[in-house]
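Some notes on the structure that comes next.
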Amino acid sequence: MGLEEREEISRFLALGYSFRHIGELIGRHHTTVMREVYKVDSRIKRYRAARGYRRTLRRRSYRGRPYKLACSCPLRDFVLAKLELCWSPQQIVQMLKIEYPENINMRISHEAIYSYLYVLPKGQLRKELLSYLRQQRKLRRRRIKNRKSNETRGKLPNMVSIEERPAEVASRTVPGHWEGDVLVGKYQRTALGTLVERTTRTVILVPLRRFDAESTRKAYARVMKKIPKEMRLTLTYDQGKEMSQHQLFAKAADMKVYFAHSGSPWERGTNENTNGLIRQFFPKGTDFSKINNSKIKHVQDLLNGRPRKVLEWRTPFEKFNEIIQSGAIKG
């Protein structure tokens, strides 16, 4: 049982839920929940998730053996340096294997990294290191029941449905197919355009100082025309009104545009996942009018410079350039 589950137990206890009800909500047997609570404190309402988690970590350590990151300076320096680049612990572990293939002292599991971070004493260092983790919220929001879309916007004129998109796009066998969306800023007055290539996961961030159809169309066309023609075949977008000038964009960028169904974000899954990564740097409520272009470019470089599991721990930059140089592009 991890820290997030313990946080949920603590929250549900505060709401007065029974052990059985809590077990159903978190997918655990109610006796498991009961044992966890009573091991920490016999007084149910005094149960605290952090105490339960620290207790488990202490019991798992062999005779009080210190954490590996607390002992190995080179390993700790490497891990902390990559955390500052907002790499995930799993990415760090894989890069250690690549850069130090023969050095067993430069080995650690991603769980050990998480454990080290969460047992640090409260203070500025702990706060700073935890801020580098992708999921900064303490609780995992569970979807208890399906929620139907409240989409009320009208359809865009002359849009082409995703159902007409070539099969090669879904299979990711051919590079050059993109997905797009916007992250809306404070008061819905500014936004940040997000474009991601489906095969290489290359990300392009587009500042939108004015969140309207004409500004969006011009900004997207400007950045996409810098991409080699063979790497800009299609764009799959949602039905946001900012793309109402999609026909002009398609002509300017010389690429086809398809639209996902309303309320179906999974049809642009790569882009949705990327938006989650970007939100680590620009959380909801960000005023993009106060974020300069150099900051946005820096975040774009960080995202494209991370090794990705789906790319066999290559970076999007490496994969994109490899395709360009090899000429393995649909002509």
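Bear in mind that the values in this text are calculations on the coordinates, not laboratory data. Just so it is clear, the structure is predicted and the values come from calculations on it, not from any experiment. Positions of Cβ are backbone-derived with ideal geometry, glycine not excepted, and every protein chain shown enters the neighbour counts.
With the crude spin-label approximation of a point 7 Å out along Cα→Cβ, what separation in nm comes out for Glu272 versus Asn292?
3.6
From the C-alpha coordinates alone, can you work out the Kirkwood hydrodynamic radius of the range 177-311, in Å? Display every interim value, and only then the final one.
Values: mean 1/r = 0.0668 Å⁻¹.
Result for the range 177-311 stands at 15.0 Å.
At R0 = 35 Å, how high is the FRET efficiency between Arg35 and Leu130 if r is their beta carbon distance? Nearest 0.05 is fine.
Numbers: r = 28 Å, r/R0 = 0.80.
The value I calculate is 0.80.
Between Lys186 and Arg210, what FRET efficiency follows from the Cβ-Cβ distance if R0 is 22 Å, with the result rounded to 0.05?
0.95
So, with +1 on the Cβ of K and R and -1 on the Cβ of D and E, and no other charges, what is the size of the charge dipole of the range 173-331 about its Cα centre, to the nearest 20 debye? Could the numbers behind the result be given before it?
Working: 28 positive and 16 negative charges, 84 e Å.
So the dipole magnitude of the range 173-331 works out to roughly 400 debye.
Go through 6-16, 286-296 and give me the packing order, highest mean Cβ count within 10 Å leading. List each step's numbers first, then the result.
On the way: 6-16: 17.0, 286-296: 13.5.
Ranked from most to least packed, the peptides come out as 6-16, 286-296.
I want to check the label-to-label distance for Ser109 and Asn158. Put each point 7 Å from Cα in the C-beta direction and report it in nm to one decimal.
Each label point is offset 7 Å from its Cα along the Cβ direction, giving 5.8 nm.
Tell me, what is the FRET efficiency for Glu102 and Lys284 to the nearest 0.05, using R0 = 51 angstrom and their Cβ-Cβ distance as r?
0.70
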